[in-house]
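Q: The structure under discussion is supplied below as structure tokens; questions concerning it will follow.
The numbers here are math on the coordinates, done by the rules we state, and not lab data. Keep in mind the model is a prediction, meaning the values are calculated, not measured. Here the Cβ positions follow ideal geometry from the backbone for every residue, glycine too, while neighbour counts run over all protein chains shown.
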Amino acid sequence: MDILFLLLRVIHIFASVFWVGSAWLLTFFLGPAAQALGPDGGKFMGLLTTRYRLPIYISIAAGLTVLAGLIMYFIWYGIAALGTPDGLTFAIGGVIGLVAAGIGGGLVGPTSLKIARLGEEMARAGKPPAPGQIAEMNALQKRLSTASLWSAIFVSLSLLLMAIARYV
């Protein structure tokens, strides 16, 4: 087997493990727990976002997953593979993965950063948040929750299709 293929496959798998695991952990555990904690949860999520830069690492993992997957597909399978059940399944999984990456990069990441910035602004004020800030934070949290759920669903579907593609 080609060493480049093995390297790309390892990158694809390890990056996707981080991406999918992060999506599930944030969507189903950390996000809801942070919301339940109120302002303290916001501080925790803000710390993950700004100091530990978790959205950036997730974006890098998603990008590496997509890039390695596209290179492998087009070099070793090609467009002709769409005529085979496994090639078509890989392609559909890849498209769904691209949708998940688009949701993550276009909605989840930017919304997380907006929430973190607004939380920092509210904390720096040294007084209770203004009603407008509370309304904005609630709207951003709702958007993040919805986008995170859809991203987790799509990345999970992509993972499922990639896992079964060789067996269809």
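Q: Please sort by residue number the trypsin sites (Lys or Arg not before Pro) in the stretch 17-67 whose DSSP state is loop and whose Cβ has at most 13 other Cβ atoms within 10 Å.
A: Counting only loop positions with at most 13 other Cβ atoms within 10 Å, the trypsin sites (Lys or Arg not before Pro) in the stretch 17-67 are ARG53.
Q: Which FRET efficiency value, to the nearest 0.05, is calculated for GLN133 and ILE60 with the Förster distance at 30 angstrom and r the Cβ-Cβ distance?
A: Details: r = 31 Å, r/R0 = 1.03.
Working from the Cβ atoms, E equals 0.45.
Q: Apply the Karplus parameterisation 6.51 cos²θ - 1.76 cosθ + 1.60, with θ equal to phi minus 60°, to every residue of the stretch 111-122 and state each ³J(HN,Hα) to the nearest whole Hz, in sequence, with x for glycine and proline.
A: My calculation for the stretch 111-122 gives 5, 4, 5, 5, 4, 4, 5, 5, x, 5, 4, 5 Hz in order.
Q: Using a 7 Å offset from the Cα along the Cα-to-Cβ direction at both ILE164 and PHE14, what is the distance between the two label points in nm, to one decimal?
A: Calculated label separation equals 2.9 nm.
Q: Calculate how steeply helix 54-72 sits against the longest principal axis of the alpha-carbon atoms of the chain, using the helix alpha-carbon long axis, and give the answer as 0 to 90 degrees to the nearest 10.
A: 10 degrees
Q: Let me know the volume per residue of the alpha-carbon convex hull for the chain, in Å³. Before the final figure, lay out the partial values.
A: Details: hull volume 17.0 nm³, N = 168.
Output value, Cα hull per residue: 101 Å³.
Q: Here is a further query. For the stretch 1-90, which chymotrypsin sites (Phe, Trp or Tyr not before Pro) are in a loop by DSSP, counting at most 11 other Cβ atoms within 10 Å?
A: Values: sites: PHE5, PHE14, PHE18, TRP19, TRP24, PHE28, PHE29, PHE44, TYR52, TYR57, TYR73, PHE74, TRP76, TYR77, PHE90; in loops: TYR52.
Sites meeting the loop and neighbour criteria: TYR52.
Q: What ³J(HN,Hα) values, in whole Hz, does the Karplus curve 6.51 cos²θ - 1.76 cosθ + 1.60 give for the stretch 137-145 when θ = phi - 60°, with x put for Gly and Pro?
A: 4, 4, 5, 5, 5, 5, 4, 5, 4
Q: Compute the helix-to-body angle for 3-25: its Cα long axis versus the longest principal axis of the chain, expressed 0 to 90° and rounded to tens.
A: For helix 3-25, the angle is close to 30 degrees.
Q: Let me ask something additional. Got a sec to turn the phi values of the stretch 26-43 into Karplus ³J(HN,Hα) couplings, 6.51 cos²θ - 1.76 cosθ + 1.60 with θ = phi - 60°, whole Hz, x for Gly and Pro?
A: 5, 6, 9, 10, 5, x, x, 5, 5, 5, 5, 7, x, x, 5, x, x, 5
Q: For a quick check, take a GNM of the chain with Cα springs below 10 Å and name the residue from GLY93, GLY41, GLY69 with the largest mean-square fluctuation.
A: Of the options given, GLY41 has the highest mean-square fluctuation.
Q: Here is a further query. Over the chain, with a Gaussian network built from C-alpha contacts below 10 Å, which listed residue (ALA139, ALA91, ALA130) shows the highest mean-square fluctuation?
A: Result for the chain, Cα springs under 10 Å: ALA130 fluctuates most.
Q: So, in nm, how far is label LEU157 from label LEU4 when the simple model puts each one 7 Å beyond its Cα toward the Cβ?
A: Result: 3.2 nm between the two label points.
Q: In whole Å, how far is the Cα centre of the stretch 1-52 from that of the stretch 71-125?
A: That distance is 13 Å.
Q: If you don't mind, there's one more thing I want to ask. Multiply the residue gap between LEU149 and LEU113 by 0.36 nm, knock off their C-alpha separation, and tell me the result in nm, one decimal place. Write out the running numbers ahead of the final one.
A: Working: separation 36, 0.36 × 36 = 12.96 nm, distance 1.73 nm.
Once the chain is fully extended between LEU149 and LEU113, it gains 11.2 nm.
Q: May I pose another question? On a 0 to 90° scale, report how tilted helix 85-103 is relative to the longest principal axis of the chain, with both axes built from alpha carbons and the result rounded to the nearest 10.
A: Tilt relative to the chain: about 20 degrees.
Q: If you don't mind, there's one more thing I want to ask. From the helices alone, meaning DSSP H stretches of at least four residues, give me the mean residue ellipticity at 222 nm for the chain, per-run term -39500 (n - 2.57), in deg cm²/dmol to the nearest 500.
A: Details: 7 runs with 127 residues, N = 168.
Per the formula, -25500 deg cm²/dmol.
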